[in-house]
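See structure below.
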Amino acid sequence: MHRRLSLIVLALACAAPAAALDLPARKPGLWEIKIAMEGRKIQMPASQHCIDAETDKMMNSIGGNMQKEACSKQDVQKVGSTIVVDSVCKIGQATSTSHGVVTGDFNSAYTIKVTSTREGGPAVPGMPADGSSSMTIDGKWLGPCAADQKPGDMIIAGRKMNIRDLQNLTGMPGGAKK
């Protein structure tokens, strides 16, 4: 279970250059997030995020510092009702070139489609040998958070954690560095 959770976090970190954007705020409440990764041998479980305005901003900032330091290109354009992102980022010894398209209203549902090509560095478990990948993130508003949830709670693979706790462990924006 811990290995699977680590792979999920790794997958999200790899998607961060194209997915961690200055997106519109999501409606407060409980969101179901489904991630489909084409061409990978990793089955991604659905997750639930209980958010308010503050914790939504925290979740959206994951990977933000990495982008500033590691990305030589980060073009974000609004095209009609979509947001299009093209980025080139250095992650360790590898260079990732990503294209993302964001659609939806962020009140009831949204979709982020990311295609990436990775060059250099060691092989990544579960990824195709040619370094190409496609990922779709679908978010759907389910309603108010459950009575036992507080803003920032994420339920991933049956484990509940809070974005504030992750910030404190990892030194993400807004968290204490350890």
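The values are calculated or read from the model by the stated rules, or taken from the named source; none is laboratory data. Keep in mind the model is a prediction, meaning the values are calculated, not measured. Heads up, the Cβs are rebuilt from the backbone with ideal geometry, glycines too, and the neighbour counts pull from every protein chain shown. Surface areas here come from the heavy atoms of the whole protein model, side chains and all, with no ligands, DNA or RNA. Shrake-Rupley method; radii C 1.70, N 1.55, O 1.52, S 1.80 Å.
A quick yes/no check of all residues on (1) at pLDDT 90 or above; (2) in contact with a Phe, Trp or Tyr (Cβ under 9 Å, 6 or more places away or on another chain); (3) among the aliphatic types (A, V, I, L, M):
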residue	(1), (2), (3)
Lys113	yes, no, no
Pro122	no, no, no
Asp130	no, no, no
Ser133	no, no, no
Ile137	yes, yes, yes
Lys140	yes, yes, no
Ile155	yes, no, yes
Lys160	yes, no, no
Ile163	no, no, yes
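Any residue in segment 56-74 that is among the hydroxyl-bearing types (Ser, Thr, Tyr), closer than 20 Å to Thr97 by Cβ and modelled with pLDDT of 90 or more? If you could, list the steps in order and put the result at the bottom.
To start, the set of residues in segment 56-74 that are among the hydroxyl-bearing types (Ser, Thr, Tyr) comprises 61, 72.
Still in the list and also closer than 20 Å to Thr97 by Cβ: 72.
The next check asks that each one be modelled with pLDDT of 90 or more; those that pass are none.
No: segment 56-74 contains no residue that is among the hydroxyl-bearing types (Ser, Thr, Tyr), closer than 20 Å to Thr97 by Cβ and modelled with pLDDT of 90 or more.
Being among the basic types (Lys, Arg), open to solvent by 30 Å² or more (accessible area, probe 1.4 Å) and touching a strand residue (DSSP E or B) at 6+ places or on another chain (Cβ under 7 Å) narrows it down to one of Lys57, Lys113, Lys78, so name that one. Outline the logic, then answer.
On the way: Lys57 fails: touching a strand residue (DSSP E or B) at 6+ places or on another chain (Cβ under 7 Å); Lys78 fails: touching a strand residue (DSSP E or B) at 6+ places or on another chain (Cβ under 7 Å).
Result: Lys113 is the single residue among Lys57, Lys113, Lys78 that is among the basic types (Lys, Arg), open to solvent by 30 Å² or more (accessible area, probe 1.4 Å) and touching a strand residue (DSSP E or B) at 6+ places or on another chain (Cβ under 7 Å).
Against the list (1) out of contact with any His (no Cβ under 8 Å at 6 or more places or on another chain); (2) farther than 18 Å from Ala53 by Cα; (3) of a type outside the set (Phe, Trp, Tyr); (4) surrounded by 15 or more Cβ atoms within 10 Å (Cβ to Cβ), the condition Lys140 fails is (2).
With respect to the conditions (1) surrounded by fewer than 15 Cβ atoms within 10 Å (Cβ to Cβ); (2) touching a residue at least 60 places away in the same chain (Cβ under 8 Å); (3) more than 22 Å from Lys27 (Cβ to Cβ); (4) small (Gly, Ala, Ser), Ala129 lacks only one, and its number is (2).
Take Lys150 and decide whether it is in contact (Cβ under 8 Å) with a residue 12 or more places away in the chain, surrounded by fewer than 18 Cβ atoms within 10 Å (Cβ to Cβ) and not in a strand (DSSP E or B). Answer is yes for this residue.
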